[in-house]
Amino acid sequence: MDSLYLLIPLSVLVAAGGGLLFWWASRSGQFDDLEGPGHRILHDDDKPPSADKDGDAID
């Protein structure tokens, strides 16, 4: 019974912290573009790497 006096407030603080983190992530735009990264991986970069003035390839 004594452990409930510690665990209940601790669980409320953890839940409030998770809620605050979710609120911060949604306000800062973390969930704005959910499909972009999935589509971006499908597009190939067909351009060869450019060369500098010495002829060495730039990565």
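FYI, it's all coordinate maths here, none of it is from the lab. The structure displayed is predicted, hence computed values, not measured ones. Neighbour counts run over all protein chains shown; Cβ positions are idealised from the backbone, glycine included.
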Modelled FRET efficiency - R0 35 Å, residue 31 with residue 5, Cβ distances, 0.05 increments: 0.40
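Given R₀ = 30 Å, FRET efficiency for residue 12-residue 39 by Cβ-Cβ distance, to 0.05? Show your work: numbers first, answer last.
On the way: r = 41 Å, r/R0 = 1.35.
For residue 12 and residue 39, the calculated efficiency is 0.15.
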